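First comes the structure, then the notes that go with it.
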2 protein chains.
Amino acid sequence: MLFKIAAHRGRKSPSRIRRKNEQLILSAAEEEFARHGYKGASMNSIAVRAGLPKANIHYYFNSKLELYAAVLSRIIELWDGTLNKLKADDDPAVALPEYIAAKMRFSREQPLASRIFAIEILNGAPNLVGYFDEEYRRWFRSRTEVFRAWAQQGRIAPIDPAHLIFLLWSATQHYADFACQIRASIGKEELTDDDYDSATRTLTQVVLRGCGVLESEKRFSTGCTGTTGGG
Amino acid sequence: MLFKIAAHRGRKSPSRIRRKNEQLILSAAEEEFARHGYKGASMNSIAVRAGLPKANIHYYFNSKLELYAAVLSRIIELWDGTLNKLKADDDPAVALPEYIAAKMRFSREQPLASRIFAIEILNGAPNLVGYFDEEYRRWFRSRTEVFRAWAQQGRIAPIDPAHLIFLLWSATQHYADFACQIRASIGKEELTDDDYDSATRTLTQVVLRGCGVLESEKRFSTGCTGTTGGG
DNA sequence: GTCTATATGGGGATAGAC
DNA sequence: GTCTATCCCCATATAGAC
């Protein structure tokens, strides 16, 4: 089992100091892994950032890989849930903007988590073999069904649900993962709240209009689902 | 100067064997860097993949960093140009689909290049300091002007150009960079031509509709550019 | 639980024969 | 130009004193 945290074996509950140090280490590790990737981050730099001797890192997390797995595991917990809030009987004109806003907020507030996850995927997700399984596929399929239902009810245009989800994921995560290029493009040292607001507004606008939600809704009320199904 | 290839100093033209070996090494390096990142890739694994002794890699490219710079440089050459084809007096209904199709084709045909670039950006682009400069910013600004012109002429809805470009970049590159997650999501071992076609179609549809190009074009012919300008 | 000192291996780089 | 053998550093991991 990959995501088990190995430390404090055989104790009822972790001591306060243990919990504090584990949090310190995990935060430092997140920062280092996000900045340099798995190989690029060193246990030493993590220790320095955490303000602890290197050996203590090994005391709490037996190996570098276990520490990385713990970081990943923490990220995954943060991850899921947002997309689950979308329900077939929601109003897409309300639910979609909320989803986009939530994802953008995540990119703004947890860019490190987003980047670590992105690097892991880019490398072929070697440490997520237990995550991308049959259950994940079923979960994804259940999410596409929401969009399919909306389309069938004529509440959005008949759009391939899987690719629409990929569009939502990529466009929002881009602001965390490619922040450096974005800053260079618009010539700013740091992105401001206004930048994130206008990014959210633009994306929402394009997606809503692109799904036929913003204007001429009646156009899709004929119940046509037609040619573009299946992901 | 970062991107100069250091080998064959002081010769008029590289020999045939030199050129062949350099290509072998560059291709092998691309594969390894894309799979494991800069630190994660070893000169040894690159040598094995290229079918050459490790020392020869050092003979052609003095250091690992120089080899990596050469790989990056090759990618950048492939990169630019696509977005340059968009002109203010093009018809967005034609030019946008063409641009999306070109970017999707790139993700399909050069996924390794896309991934290496993505990893570099994710790590804060430490080796692209000479690339994301003032000139890059001016180039980007000139690209946003095309969209701004379209909006002013009422040919697309008044959408923030910078964020629209980011949307186009992220959504298309996603199919190269996150291919692994996409495969897991839709439950396929490999993405087919059909998958790429339907991805291209879906994205084109959403963007064109989202920009108000597909339907009710007259709606934006009032010359309103209004509230959403500026990147 | 904490920390210093050290063992061990991998990887970048080079010397030098051919 | 090519390739084997080797150097040396750095990073993970551990031993063992406190």
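The values are calculated or read from the model by the stated rules, or taken from the named source; none is laboratory data. In this text the structure is predicted, and so the values were computed from the model without any measurement. Every residue, glycine as well, gets a Cβ built from its backbone with ideal geometry; the counts of neighbours run over all protein chains shown. Heads up: the accessible areas ignore ligands, DNA and RNA and are worked out on the full protein's heavy atoms, side chains in. Shrake-Rupley method; radii C 1.70, N 1.55, O 1.52, S 1.80 Å.
Output yes when any residue across segment B:137-157 is modelled with pLDDT of 95 or more, under 17 Å from the mean Cα position of the chain (by Cα) and at the interface with another protein chain (Cβ under 8 Å from one of its Cβ atoms), and no when none is.
Yes, because at least one residue in segment B:137-157 is modelled with pLDDT of 95 or more, under 17 Å from the mean Cα position of the chain (by Cα) and at the interface with another protein chain (Cβ under 8 Å from one of its Cβ atoms).
Of all residues being touching a residue at least 40 places away in the same chain (Cβ under 8 Å) and within 11 Å of another protein chain (Cβ to nearest Cβ) in segment A:25-45, which is farthest from DNA strand C (Cβ to nearest atom)? Just the residue, please. Before you say what the answer is, go through the steps one by one.
At the first step, the residues of segment A:25-45 found to be touching a residue at least 40 places away in the same chain (Cβ under 8 Å) are A:25-26, A:29-31, A:33-34, A:37-38.
From what's left, within 11 Å of another protein chain (Cβ to nearest Cβ): A:33-34, A:37-38.
Numbers: A:Phe33: 18, A:Ala34: 21, A:Gly37: 13, A:Tyr38: 13 Å.
Of everything passing the filter in segment A:25-45, A:Ala34 is farthest from DNA strand C (Cβ to nearest atom).
Among the candidates A:Ala95, A:Ala41, A:Ala34, which residue alone is at pLDDT 95 or above and over 30 Å from B:Glu120 (Cα atoms)?
On the way: A:Ala41 fails: over 30 Å from B:Glu120 (Cα atoms); A:Ala34 fails: over 30 Å from B:Glu120 (Cα atoms).
Of the residues listed, the single one that is at pLDDT 95 or above and over 30 Å from B:Glu120 (Cα atoms) is A:Ala95.
Can you work out which of the residues in segment A:73-85 that are within 14 Å of chain B (Cβ to nearest Cβ) and touching a residue at least 60 places away in the same chain (Cβ under 8 Å) is nearest to A:Leu168 (Cα to Cα)?
Selected residue: A:Leu83.
Surrounded by fewer than 24 Cβ atoms within 10 Å (Cβ to Cβ), closer than 20 Å to A:Glu215 by Cβ and at the interface with chain A (Cβ under 10 Å from one of its Cβ atoms): is that true of B:Leu208 in this structure? Break it down into steps so the answer makes sense when it comes.
Values: surrounded by fewer than 24 Cβ atoms within 10 Å (Cβ to Cβ): yes; closer than 20 Å to A:Glu215 by Cβ: yes; at the interface with chain A (Cβ under 10 Å from one of its Cβ atoms): yes.
Yes; evaluated as a whole, the condition is true for this residue.
Please go through (1) within 10 Å of DNA strand D (Cβ to nearest atom); (2) surrounded by fewer than 22 Cβ atoms within 10 Å (Cβ to Cβ); (3) in contact (Cβ under 8 Å) with a residue 24 or more places away in the chain for A:Gly51 and return the number of the only condition it doesn't satisfy.
The one condition A:Gly51 does not meet is (1).
Go through segment A:109-136 residue by residue and tally those that are open to solvent by less than 60 Å² (accessible area, probe 1.4 Å) and part of a helix (DSSP H, G or I).
Result for segment A:109-136: 13.
Name every residue in segment A:184-204 that is surrounded by fewer than 16 Cβ atoms within 10 Å (Cβ to Cβ), touching an Asp or Glu at 6+ places or on another chain (Cβ under 9 Å) and either more than 7 Å from chain B (Cβ to nearest Cβ) or of a type in the set (Ser, Thr, Tyr) (or both), in order of residue number.
A:Lys188
State yes or no: is B:Tyr59 open to solvent by 30 Å² or more (accessible area, probe 1.4 Å), among the aromatic types (Phe, Trp, Tyr) and at pLDDT 95 or above?
Against the criterion (open to solvent by 30 Å² or more (accessible area, probe 1.4 Å), among the aromatic types (Phe, Trp, Tyr) and at pLDDT 95 or above), B:Tyr59 qualifies.
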